[in-house]
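Following: one structure in structure tokens, then a few remarks.
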Amino acid sequence: MNKFPLLWIAMLATMLACKPEIRTEAELYQWINDPENGFVQTRKVNDLSITVKYLPAAFLAYKEGRNMPRATQKERDSLLNYYSHSRTFLMTIKPEVASGASGDVIYQGIGNYQEYQQRVMQLNFHLGEYLSLHAGKQLFVPSLSTMENTYGVTELRNFYLVFSDTDAHTSLLTENELDFTFQDEIFNTGISHFVFQKKKIEALPKMTELTTPTAL
Amino acid sequence: MMYKILLLINFILLSVCLGFCVWLKQTSPKIAYVRSAVVVDGFQGVKEVRAAFHQKESQWQSEIDTLSARLNQSVQQYSQESSRLSETEKEQRKLMLTNQQAELQKHQSAVQQKATEQEDKLLQGALNQINQYVKEYAEQQGYAMVLGTTQSGNILYANEAVDITDEVLKGLNQGYHSHE
């Protein structure tokens, strides 16, 4: 009879020991890119696929820290603290079916140079006007919106979007659901919602010393 | 012996008939229809587009109202002061008011055009979402064709058994606020 509590403790210890841990950079990317883990969501409309990926603070701090090999632990912690006050997303728009001669998403549905010019302007300088993040009753607009220039190398386009607030106790960080909304007036895909659960996106396993750099 | 042979022949014929029926059911194309207006009106994406548009529209309308109120104020001011003005001043003020009115009309039509363009774009996007979902649903359920009924359409009659409007609308709205 007395052995049962010991058995329970042993089982609990085994379960705790099995808690996932990220040891390599490849594992980190694998975790973030697995839709089951709730960091990435995709919608397909009008021959386009729109993917929104949540980039956790630990990931951003790690990526930046990689370029600072001599940084102390205190400096790394400060970097993590810096990224912890905002929410960063990577939105990727790619064609499902090749369009026109080049297949580049930027030319999707474009008929003339004027339309092309307008699209480039919208994507480079006005994308933030079509994006918002709903956290509870509060609505946030991107404080930073950047389109990655691909110089025609890929058919897709990546956009980095940062939502931040000066208030540390804002709903941006405390709400259980983050609703990333894209009100698309550029590619005719309508309004798309990408809902992220706080419980899931904060369940990123502990990262130990990471090795093997790979591309996101 | 004869009885057994007859029984066997009956069994074979029955199996062939059954096989033929199964083959016929599997190879004949599955067709269904949706009531387009019901899907469009009931789709959350369309409702949200309309709400977003109305919000923008009321913002633009309040801008126009402000400009219009300013013009009315200028007209009133002019009618109060006109008796004290010289002919040249009257002409100048009239010209100013005409220009102001023309500007307002120009702004009004520009706003209307912009509003129509934006609504069309957003609504087209929502319709594209519906088309995408119907395509995925048809592929999943093995439909060879999904027809859409409209008031001016060509479908005069279809059995309710092939009406998939409710299933499509339910799936469409469930997937709209994606959680996964």
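The values are calculated or read from the model by the stated rules, or taken from the named source; none is laboratory data. This is a predicted model, so every value here is computed, not measured. We place every Cβ from the backbone using ideal geometry, glycine too, and count neighbours over all the protein chains shown.
Among the residues of segment A:156-201, what is the count of those that are away from every other protein chain (no Cβ under 14 Å) and acidic (D, E)? Working first, answer last.
Narrowing segment A:156-201 to residues away from every other protein chain (no Cβ under 14 Å): A:156-175.
In the following step, the residues that additionally are acidic (D, E) were identified as A:165, A:167, A:175.
Qualifying residue count, segment A:156-201: 3.
Determine which member of the set A:L6, A:L16 is over 17 Å from A:P205 (Cβ atoms) and modelled with pLDDT under 85.
So the residue among A:L6, A:L16 that is over 17 Å from A:P205 (Cβ atoms) and modelled with pLDDT under 85 is A:L6.
Do we find that B:K90 is basic (K, R) and modelled with pLDDT of 90 or more in this structure?
So B:K90 does not fit the description; no.
So which of A:S84, A:S78, A:S49 is away from every other protein chain (no Cβ under 14 Å), touching a residue at least 24 places away in the same chain (Cβ under 8 Å) and either surrounded by 15 or more Cβ atoms within 10 Å (Cβ to Cβ) or more than 16 Å from A:P205 (Cα to Cα) (or both)?
Just one listed residue meets the conditions, A:S84.
Hey, A:E129 hits all of (1) within 14 Å of another protein chain (Cβ to nearest Cβ); (2) surrounded by fewer than 17 Cβ atoms within 10 Å (Cβ to Cβ); (3) in a loop (DSSP other than H, G, I, E, B) but one; which does it fall short on?
If we test A:E129 against (1) within 14 Å of another protein chain (Cβ to nearest Cβ); (2) surrounded by fewer than 17 Cβ atoms within 10 Å (Cβ to Cβ); (3) in a loop (DSSP other than H, G, I, E, B), just (3) comes out false.
Listed here are the residues, each with its yes/no results for (1) within 14 Å of chain B (Cβ to nearest Cβ); (2) touching a residue at least 12 places away in the same chain (Cβ under 8 Å); (3) of a type outside the set (D, E, K, R).
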residue: A:T42; (1), (2), (3): yes, no, yes
residue: A:P69; (1), (2), (3): no, no, yes
residue: A:Y113; (1), (2), (3): no, no, yes
residue: A:Q122; (1), (2), (3): yes, yes, yes
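I want to confirm something. Restricting to segment B:126-170 and keeping residues that are more than 17 Å from the chain's Cα centre (by Cα) and closer than 23 Å to A:T42 by Cα, which single residue is farthest from the other protein chains (Cβ to nearest Cβ)?
Among those that are more than 17 Å from the chain's Cα centre (by Cα) and closer than 23 Å to A:T42 by Cα, it is B:E167.
Restricting to segment A:186-208, and then to whatever is surrounded by 18 or more Cβ atoms within 10 Å (Cβ to Cβ) and free of Cβ contacts under 8 Å to residues at least 60 places away in the same chain, can you tell me which residue is farthest from the chain's Cα centre (by Cα)?
Applying the filter and picking the extreme gives A:I191.
Considering only residues of segment B:1-53 that are free of Cβ contacts under 8 Å to residues at least 40 places away in the same chain and polar (S, T, N, Q), which is surrounded by the fewest Cβ atoms within 10 Å (Cβ to Cβ)?
B:T27
Look at segment B:74-111 and say how many of its residues are among the polar types (S, T, N, Q), closer than 29 Å to B:Q59 by Cα and free of Cβ contacts under 8 Å to residues at least 12 places away in the same chain.
Qualifying residue count for the region: 6.
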